[in-house]
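Laboratory data are not the source of any read-out in this text; all were calculated from the coordinates shown. Because the structure is predicted, anything quoted here is derived from the model rather than measured. We place every Cβ from the backbone using ideal geometry, glycine too, and count neighbours over all the protein chains shown.
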Amino acid sequence: MPRVRPAAALGLFTVAAWLAYMAVFQVDDAYIVYRYAANLASGDGLVFNPGTRVEGVSCFLWTVLLSPFAFFGLPLPVVAPVLTALAGLAMIVLLPATSATITGRTEDGWDRLAPVLLLCHPSFAYWSVGGLETVPFALLMLLALHDQAREIARGAGRRSALWVGLATLVRPETPILAAALLTGRWFDRRDREPQRTLRDLGLWSGVVALFFLPFLAFRRLYFGAWLPNTYYAKTGQGLMSNLQAGISYSREFLSSLVPGFGVANDLTAFLGMVLLVILLAYGLPRRGLRSASLLVLAIGAAVLFEGGDWMVLHRFWVPALAPLCLLIAALAREIATALPRFRPAVAGLMVLLALGSVTAAVMKRNGPNGLKVNAAGYRHAHHEIAEFLRQRARPDDLVALMDVGIIGYESGLPVLDISGLTEPEIARAPGGFLEKRYPVESLLARSPRFFVLVDGFRIDEAIMKDPSFLRDYRLVLERNHRYNWTPAQSYTLHVYERRQEDQRGAAAPVTRDLNRR
């Protein structure tokens, strides 16, 4: 029986404790995935609403992998963070060997810098327990990067394409990342015989295609579209609008690359951009590091094209963190080796960067509007509204709302998603995400028993101002998700019920004012 080293056991315990500390809450979109997985497990198919095939998630394989746990009755909000944490732990374990492989050296102390920096980063720490596909996807891309470096060094092998092929089933932007790795592979092998290089590139692409093309055919046949419905829901404003949103989305991420200790402003974003440019300029000309640099560039291009998302801690950038940590470790080693007198300064800077990341993570968790505050808001608003609907509604009552995850998963009711994620007609309406110009009368024609509406969003406000809606629906409950923010803010979910339910013996209206809680 192998002996467990005390240092390894202590390290594992520290990592687990750190990730558990960051496991404060799961965003609403995670519960959309859980509902798809639960419906698949129950035999209703890969659907949000039984009987309606719409791909309202962007992580097909992750959703499918969760379904066996749902089949055996295990709670997905508990299981999924454990699985993502295991993926994060696998990345930490793999990084030292990857650091040595891509630089063509034997493993040394500098290779342990990359996993330390990655683990300390608040985005990696949170999304390792976030329940979504973010870190499992990042693990697949790290495995591809690791194996590609080994294959280039040996002049044979295509296992890296297997990981990329699996990744195409997890995230829709993978083809952009695959092109980056293929480009790095071509540059790193072009000194060999051209015919062998072209054959290798063709076979590598063929392995990826064996996963991607059948999946495209399945998506078209099963869901009736070549792209996930989420793509249409989150686009519509045009490329330039997406680029502007992507730049704004990336600002805080760039700040996180420098030791800002939780501060994110124009200066830290500028310094982060400078560091990013330095790392890419260092990595792109170097064999092994070139693929890591191209992968970072591809992820950045995908973020700008997609425009980011609304979730905390810039999750779309998380797959770039491991390659960036590898570049930082390689550059730090080279400076310390070439200029020994600067070795203490380099080591001190790395310690400062790690401490800055940990400080930022703690502030993000415990700050006045941080993860703990948001967790309380979700319990107070979304979870309690789900329980209210579960007790008050009949099983076939339709509820129309924007935040469909927690409320949809926990209430189990049929859902009309007015944000369009699971509604193709709304998704393809003009306008960007949460700004769709969709006719209110089409929503009212579906006769939902309940609406859950939030001030400040185009469709929600149009509904709340519609004369027919005001005539037919009454307010029965309201909860402010941001009741505990500092300074005070409002993200109030208003629950409306169809008035005619009074004639069917429904209970008396229940109205609560969150601000007096």
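Things to note:
- Proximal lysines relative to K436, as straight alpha-carbon distance under 19 Å, when same-chain residues fewer than 8 apart are discounted: K234, K465
- For the chain, the pair-distance distribution built from all alpha carbon pairs, in bins 10 Å wide starting at 0, is 4, 17, 27, 25, 16, 7, 3, 1, 0 percent.
- Net dipole in debye of the chain [+1 Lys, Arg Cβ; -1 Asp, Glu Cβ; about Cα centre; nearest 20]: 1160
- Farthest positive-ward along the chain dipole, Cα basis, beta-carbon charges - from Y378, V318, I247: V318
- Centroid-to-centroid separation of region 289-326 and region 40-87 [C-alpha atoms, Å]: 25
- Helix-only [θ]222 nm of the chain, DSSP H runs n ≥ 4, -39500 (n - 2.57) each, per residue, nearest 500: -19500 deg cm²/dmol
- Spatial separation of Cα centroids for region 364-408 and region 444-471, in angstrom: 18
- Acute angle (nearest 10 degrees) that the helix 6-22 long axis makes with the longest principal axis of the chain, alpha-carbon atoms: 30
- Karplus-derived 3J(HN,Hα) values for region 77-87, using 6.51 cos²θ - 1.76 cosθ + 1.60 with θ = phi - 60°, are x, 9, 5, 4, x, 5, 5, 5, 5, 5, 5 Hz; glycine and proline are entered as x.
- As a rough guide to protection, the peptides 66-76, 349-359 ranked by mean Cβ packing within 10 Å, highest first, stand as 349-359, 66-76.
- More than 27 Å apart - percent of Cα-Cα pairs taken over region 371-516: 18
- Of the trypsin sites (Lys or Arg not before Pro) in region 1-73, the ones in a loop by DSSP (not H, G, I, E or B) with at most 10 other beta carbons within 10 Å are R3.
- The distance separating the Cα centre of region 145-179 from that of region 235-275 comes to 28 Å.
- The spread of Cα positions in region 1-137, taken along each principal axis and listed from longest to shortest, comes to 56, 32, 30 Å.
- With Cα atoms, 0 to 90° folded angle of helix 134-154 axis to the chain main axis: 20
- Semi-axis lengths, Å, region 231-289, gyration tensor of Cα atoms, sqrt of 5 times eigenvalues: 26, 19, 9
- Pairwise Cα distances in region 73-225 exceed 18 Å in 64 percent of cases.
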